[in-house]
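The values are calculated or read from the model by the stated rules, or taken from the named source; none is laboratory data. This structure is a prediction, so every number in the text was calculated from the model and none was measured. In this analysis, Cβ positions are derived from the backbone assuming ideal geometry, glycine residues included, and neighbour counts consider all displayed protein chains. The area values use the complete protein model at the heavy-atom level, side chains included, leaving out ligands, DNA and RNA. Shrake-Rupley method; radii C 1.70, N 1.55, O 1.52, S 1.80 Å.
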Amino acid sequence: MRFRLTAKIVATRRSMQISRRNVLRMVSILSTGTIKVTLAGRALAQSTPRIRMVNGAAAAGLNFVLRNSAEGRKYQVETLPGGLGVIDFDGDGWPDLFCTNGASLPSITKTGPEYWNRLYRNNRDGTFSDVTEKSGLAGTGYSMGVAVGDYNNDGHEDLFVVGVHANHLYRNNGDGIFADVTREAGMAGPGSLGRPAWSVGACWIDYDNDGWLDLFISNYCDWEPGTDPICGGMQDQARAYCHPDRYRAQSMQVYHNNRDGTFTEVTRKQGLPELVGKGMGLAVADFAGDGFPGIFVANDNARNLLLRNRGKGFAEVGIDAGIAYNGDGRNISGMGADFGDIDGDGRPDIVMTGLKNETYEVFLNQGHGVFDDGSVRTGLLNLSRRWNGWGCGLVDLDNDGWLDLFVAGGGLDTQDAQSNRVFLNHGGRFEDATDQVGSEFSRPALHRGVVFADFDRDGRMDAAVTALNAPIELWWNRTEKENPPRHWLQLRLSGHKSNRSAIGAEVRCHAAGRIQVRTVSGSVGYASTSDLTVHFGLGEATRAVIEIRWPSGRIQNIGEVAADQRLNPVEPAE
């Protein structure tokens, strides 16, 4: 019965693709001229992009190179590394940067420093220092992604690093040193899978709201070194990476925090062994508006998953919610994902990247956990058709109060290298502003992970991006100051009854007659974790009223505050 129902839904969606393409054709025709777009009851004239971004990685001392050990054999794992993590590991209030790295193949071992994972401390002057050796985070094995969160509520942000056949939990001791506590935490081994997992991403989420962070792991394919099928041709120069369909998918996993430094896998208890889908990007938000954050999983050529949190566990609702397939009822090569309010209605929408000719996907939140295809309405369907997308993020780059879209661009192999993309949000409709960002921005590469933080704390959001076998990129946001100036506000929350990282908290910002809503979650894009600091662009507003809805259920009214500052709200004890 379930199969017949699914098939019926897919058939219905596919029958709608003609109208969708007709809409796209009309949009394409209209976009050749100067137009005004009416959304959310207001007319907004398309404006000249003002975004400026400058790559300052080398000058800042970021010398990381993402190495995948590709030598022509086309091992499938070569295509997927590159996750990043923003972590304030020393607690000084400035975002530091952690980079995952590959390993030698087919041994999947780090045979030298060139394969080390790297930790860079923010020197608070526009530069970074490599503190990997002292920190103990060089790692072992072929790493993929990272999740950042204070799992033991001691005030120090910890790391969970995932990879090929081995994941590692690193406890932050608070003295600049991390301890690998994977085994003592009960997280060594494959768990319910019964065989080693190839994990791509993970996210911290307090699904039962007990004040302690639990863990969700996004697993990909059942793979062994040296067992890849030969695709493309027998000759070395003709070989190509195989389609994901040539590999068996692996199930997602959930670990519950026992509040004593250990975890218990509860995947079977949550009913998740059936959820296989070659998981990639993860995003977290209270999409149903019921006080419990859920998870969106972008899958590679399999239906997407949406896990609704009922307070005691997860239920998969992707088909009913309307996000399992794109607007044509098809799967795409889902890579990166993010939640964010794109159309300004106060509800978290979903954006997902894919490969060229598939287009990126937008699912607009209609309330009560139901979504509608918004790729055409937001303009992203037409704008993204030519571009490969991996990591991504909805972030207000120009501080106008609307979430823009930054995409790490790049395909599977060297011939598919592309530049990153920036799509500005004009009242719920995107405009490709990539060509105006800056000449450096057009450099093609096989970009993978991207994270966002105000690394220099100047009120403008920056981005760090990895690329296969290429130096890391640090894009300083040098967007010109407007006249009148555009303002901003940043909040770094600390939980008391809620988890210390405040992951899952909802922050509401009232300014200039609008309400902006953000969920505290670093799980953004592809295999990466961005800064847990919440950023609001305020436009011309110089003051804002802030309200926080903590995971514990407590509502805290901060009241009216001045713009252009960073606040550190602490959840009230009573």
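Taking Lys134 as the residue in question, decide whether it is open to solvent by less than 40 Å² (accessible area, probe 1.4 Å), charged (D, E, K, R), modelled with pLDDT of 95 or more and over 22 Å from the mean Cα position of the chain (by Cα).
No: the conditions fail for Lys134.
This table checks each residue for (1) within 24 Å of Thr533 (Cα to Cα); (2) of a type in the set (Val, Ile, Thr); (3) in a loop (DSSP other than H, G, I, E, B).
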| residue | (1), (2), (3) |
| --- | --- |
| Leu405 | yes, no, no |
| Gly411 | no, no, yes |
| Gln415 | no, no, no |
| Val422 | yes, yes, no |
| Phe430 | no, no, no |
| Arg448 | yes, no, no |
| Phe452 | yes, no, no |
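Among the residues of region 200-215 satisfying the criterion of being of a type outside the set (A, V, I, L, M) and under 15 Å from the mean Cα position of the chain (by Cα), which is farthest from Asp154 (Cα to Cα)?
It comes out as Gly201.
Quick check on region 402-428: of everything there that is under 21 Å from the mean Cα position of the chain (by Cα) and of a type in the set (D, E, K, R), which residue is most open to solvent (accessible area, probe 1.4 Å)?
Step by step, filter region 402-428, then rank; the result is Arg421.
Can you tell me which residue is modelled with the lowest pLDDT among those in region 294-314 that are polar (S, T, N, Q) and not in a loop (DSSP other than H, G, I, E, B)?
Taking the candidates together, the pick is Asn309.
Report whether or not Gly189 is of a type in the set (Gly, Ala, Ser), touching a residue at least 60 places away in the same chain (Cβ under 8 Å) and not in a strand (DSSP E or B).
no
Hey, Gly291 hits all of (1) open to solvent by 20 Å² or more (accessible area, probe 1.4 Å); (2) under 22 Å from Arg248 (Cα atoms); (3) in contact (Cβ under 8 Å) with a residue 60 or more places away in the chain but one; which does it fall short on?
Among (1) open to solvent by 20 Å² or more (accessible area, probe 1.4 Å); (2) under 22 Å from Arg248 (Cα atoms); (3) in contact (Cβ under 8 Å) with a residue 60 or more places away in the chain, Gly291 violates only (2).
Scan region 514-540 residue by residue and report those that are farther than 30 Å from Asn117 by Cα, open to solvent by 30 Å² or more (accessible area, probe 1.4 Å) and under 18 Å from the mean Cα position of the chain (by Cα).
Correct list: Arg518 only.
Does Ser107 satisfy the criteria of being touching a Lys or Arg at 6+ places or on another chain (Cβ under 6 Å), open to solvent by 30 Å² or more (accessible area, probe 1.4 Å) and not charged (D, E, K, R)?
It is false that Ser107 is touching a Lys or Arg at 6+ places or on another chain (Cβ under 6 Å), open to solvent by 30 Å² or more (accessible area, probe 1.4 Å) and not charged (D, E, K, R).
I need every pair where a residue in region 522-543 that is in a loop (DSSP other than H, G, I, E, B) has its Cβ under 6 Å from the Cβ of a residue that is of a type in the set (Lys, Arg) and surrounded by fewer than 22 Cβ atoms within 10 Å (Cβ to Cβ), sequence separation at least 6 or different chains.
Listed by first residue and then by second, the contacts come to Thr533/Arg492.
Please tell me if Asp564 is out of contact with any Asp or Glu (no Cβ under 9 Å at 6 or more places or on another chain), in contact (Cβ under 8 Å) with a residue 24 or more places away in the chain and over 30 Å from Asp210 (Cβ atoms).
yes
Within region 521-574, which residues are under 20 Å from Leu405 (Cβ atoms) and hydroxyl-bearing (Ser, Thr, Tyr)?
Those that are under 20 Å from Leu405 (Cβ atoms) and hydroxyl-bearing (Ser, Thr, Tyr): Ser521, Ser523, Tyr526, Ser528, Thr529, Ser530, Thr533.
Please enumerate the residues belonging to region 310-365 that are β-branched (Val, Ile, Thr), buried (at least 20 other Cβ atoms within 10 Å of the Cβ) and in contact (Cβ under 8 Å) with a residue 60 or more places away in the chain.
Ile342, Ile350, Thr353
Return yes or no: is Gly291 part of a loop (DSSP other than H, G, I, E, B) and farther than 15 Å from Leu215 by Cβ?
When the stated conditions are applied, Gly291 passes them.
Give just the number: which of (1) touching a residue at least 24 places away in the same chain (Cβ under 8 Å); (2) more than 18 Å from Arg448 (Cβ to Cβ); (3) out of contact with any strand residue (DSSP E or B) (no Cβ under 7 Å at 6 or more places or on another chain) does Leu105 not satisfy?
Every listed condition holds for Leu105 apart from (2).
In the set Gly72, Gly93, Gly61, which member is more than 29 Å from Gln436 (Cα to Cα), assigned to a loop (DSSP other than H, G, I, E, B), open to solvent by 30 Å² or more (accessible area, probe 1.4 Å) and in contact (Cβ under 8 Å) with a residue 24 or more places away in the chain?
None of the other options fit; the residue is Gly72.
Condition first: surrounded by fewer than 23 Cβ atoms within 10 Å (Cβ to Cβ) and farther than 23 Å from Leu491 by Cα. Can you find one or more residues in region 144-157 that meet it?
No; the residues of region 144-157 include none that is surrounded by fewer than 23 Cβ atoms within 10 Å (Cβ to Cβ) and farther than 23 Å from Leu491 by Cα.
Taking Ala321, is it within 30 Å of Trp212 (Cβ to Cβ) and at pLDDT below 90?
no
Just checking, which of Arg543, Arg566 is under 19 Å from Arg460 (Cβ atoms), of a type in the set (Lys, Arg) and open to solvent by 20 Å² or more (accessible area, probe 1.4 Å)?
The unique qualifying residue is Arg566.
Would you be able to tell me the number of residues in region 555-573 that are touching a Lys or Arg at 6+ places or on another chain (Cβ under 9 Å), of a type in the set (A, V, I, L, M) and over 12 Å from Leu489 (Cβ atoms)?
Going through region 555-573 one residue at a time, the tally reaches 2.
Have a look at Asn331, Asn326 and point out the one that is modelled with pLDDT under 95, polar (S, T, N, Q), in a loop (DSSP other than H, G, I, E, B) and more than 18 Å from Val407 (Cβ to Cβ).
Result: Asn331 is the single residue among Asn331, Asn326 that is modelled with pLDDT under 95, polar (S, T, N, Q), in a loop (DSSP other than H, G, I, E, B) and more than 18 Å from Val407 (Cβ to Cβ).
Go through region 153-187 and report how many residues are of a type outside the set (D, E, K, R), more than 19 Å from Ile108 (Cα to Cα) and in contact with a strand residue (DSSP E or B) (Cβ under 7 Å, 6 or more places away or on another chain).
11
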